[in-house]
1. To test your reading of the geometry: what angle, between 0 and 90 degrees and rounded to tens, separates the Cα axis of helix B:471-480 from the longest principal axis of chain B?
2. Run the numbers for B:Ala132 and B:Ala108: contour at 0.36 nm per residue of separation, minus the present Cα-Cα distance, in nm.
3. Estimate the FRET efficiency between B:Arg437 and B:His323 by the formula 1/(1 + (r/R0)^6), using the beta-carbon distance for r and 45 Å for R0, to the nearest 0.05.
4. Taking each pair of distinct Cα atoms in chain B once, what is the resulting Kirkwood hydrodynamic radius in Å?
5. Divide by every residue of chain B the summed helix terms, -39500 (n - 2.57) for each DSSP H run of at least 4, and state the resulting mean residue ellipticity at 222 nm, rounded to the nearest 500 deg cm²/dmol.
6. Can you tell me what share of the DSSP beta bridges in segment B:220-522 is antiparallel? A percent to the nearest 5 is fine.
7. Quick one: net charge around B:Gly381, please, counting Lys, Arg +1 and Asp, Glu -1 for every other residue with C-beta under 12 Å from its C-beta.
8. Taking a ≥ b ≥ c as the square roots of the Cα gyration tensor eigenvalues, with a/c under 1.5 meaning rounded and otherwise prolate when a/b beats b/c, else oblate, which class fits segment B:220-522?
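Throughout, read-outs are computed from the coordinates displayed, never taken from laboratory work. Everything quoted here is computed from the prediction, not taken from an experiment. Glycine also receives a Cβ, built like all others from the backbone with ideal geometry; neighbour counts cover every protein chain displayed.
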Amino acid sequence: MEKLDFTFRCSGERVESAAVSVLVGVVSSGNLEVFIEKGGDPSCCRVEVATSHGGFERAWRTLFADFLFQYDLSGYAIWINDAGAVPAVVKLRLHQAVEELMEKGR
Amino acid sequence: MEQWQHLREGKRRRLERARQIAPSKIVRHEQTVDLLQAVIEKGDRVCIEGDNQKQADFLAAALARCDAGAVSDLHMIMSSISLPEHIALFEKGIARTVDFCYSAREGARLASLVANRKISIGAIHTYPELYARYFMDLTPHVSLICADAADGAGNLYTGFNTEDTAVIAEATAFRNGVLIAQVNEIVDALPRTDIPGDWVDFVVKSPSPYSITPLFTRDPADLNEIKILMAMMVIKGIYAPYGVRYLNHGIGYNTAAIELLLPTYGEALGLKGSICTHWMLNPHPTLIPAIESGFVQAVYCPGSEVGMEEYIRARPDIFFTGHDGSMRSNRCLAHLAGHYALDLFIGSTLQIDTRGNSSTATVGRIAGFGGAPNLGCDARGRRHGSPAWLKAGQEQARYAKRSLPRGRKLVVQIVETFQERGTPTFVEELDAVKLMRDMGQEIPPVMVYGDDVTHIVTEEGIANLLLCRNEEERIQAVRGVAGYTPAGLRRSAAAVGNLIARGVITRPQDLGIRWSDASTDLLAARSVRELVEWSKGLYRPPRQFIRW
């Protein structure tokens, strides 16, 4: 189990939501759980990854940098519980989580 | 006079020897090895029928049982190397050289034969390319084919799976070759005649029916959200804007997902009748919902698919069928249609380099191509227009200097950036380049050349290579959809940002696709059982696909 911890300055579309948190995905082989929660430093987004597949720090960092360039999640924390998902699945779950957050904000 | 008769004399000589063993056209199966040893001469070009579907497996096994002292140095010409008996021919020294198309199942053993110098590979072809050589420099002296049934006169019925039989029979029969057929049964009257008996020299009723693989059956239960997301992107981002009506889908789950989204997502986008009306395609069970919902108007098949027989028989408006009601397939003619008459080919692959070249060959495994290179290339001899073909041609003409209007086939590669075991699909150099050196070949086994590809689709987005202004932009467009693979991470963020702004790269959000919509709920059928229901019970899946 590898643990990674990142902090990002965000840009892009501001994510507004009435919801305090959202959870998507499951921790099963090749999949992951994404939990997004309001709180923490309002000027940035903190990301914590726990993954069963170590050695991909650069890919994770680049993926979040891209994602948080597209969506402004300042003042949120993202928790990832990963069971070896490929980046495609990671991205899908992140997008699903943000879509759910934004829909709850309406 | 005689100097013009060598081939005819050769056939007379072979038949004379054969008649010592088998005086009539119908031969007992116990005599097959003796028959082959009598007919085949040292160094002959021998074709064993067998592609990715049906196999003349009894005759292949008989040839492999021949005495290497009696039959040797053969030059095998075969669509596929897919049976252990095919490999045994080379291990025993019966055959020395091979020209072929496809070797998926035996790819690793083939690579070891090459390493041990037990085999000399002429070339790895695409199907219609090898058929073409039957009529040029690789005409068989002896061909071993298979059919469903024969009558006493040797007329053959090939049923739903004519596939390669017609083209092999034609090349052999009309150049004084010897044509030997294995059949499942001998009957008094055939449902229809697919190969005339006067082309056929010998018929053997094999002890068991020829083997056939249900290669094109994809269980909808195995489709995941990523494949559904990519299928949505293809329908909305490629099929709709180009108005793709005439097409082929490669084998694989990505394209199965597209087929299963047509009646749901495609219908919701109002695309029925304007896309995906005419197909060159094996009868994929996953196409049943699109057929039943009226999307599909016609399907011409290179082969059949086990379990689809009764469904096809009940849909003669869709499929090409004989007066007896069973389907006529013909891989050679289907590939002619696939080369000249398609708007679009879409298929998956194992590796793509940064110039868009793709290959399924990986180190230690010689997979071959099948039909993909013929479908996945622009048809430069095409002279008829269609809206999709003309639009693609106009896009290409923006940056390629052309003085006359011309069209362009859409050639789409659809891949996930990583495969299941974490292997990156995008690479700086194809394994095919190393394989070329290992095999002593002059060219690498590239499946689709980068300059033939128009679009690359990944979970990241669609790269439209027609809109790239130069080679450097193309490379950035490929890297731009290569995600977090090493080749993707070497992209220039600025260049990719510019390609997104210009619409060269389109991401799901640029197409207005909600990621949350990429759910298995969107599939017209979520299991094989639901495919059976769509077919009103006419589709009868092979046992290995029945999970209920």
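1. Approximately 80 degrees, to the nearest ten.
2. 5.9 nm
3. So the FRET efficiency works out to roughly 0.25.
4. In chain B this quantity evaluates to 24.5 Å.
5. -8000 deg cm²/dmol
6. Antiparallel: roughly 40 percent of the beta bridges in segment B:220-522.
7. It works out to a net charge of +4.
8. The shape class here is rounded.
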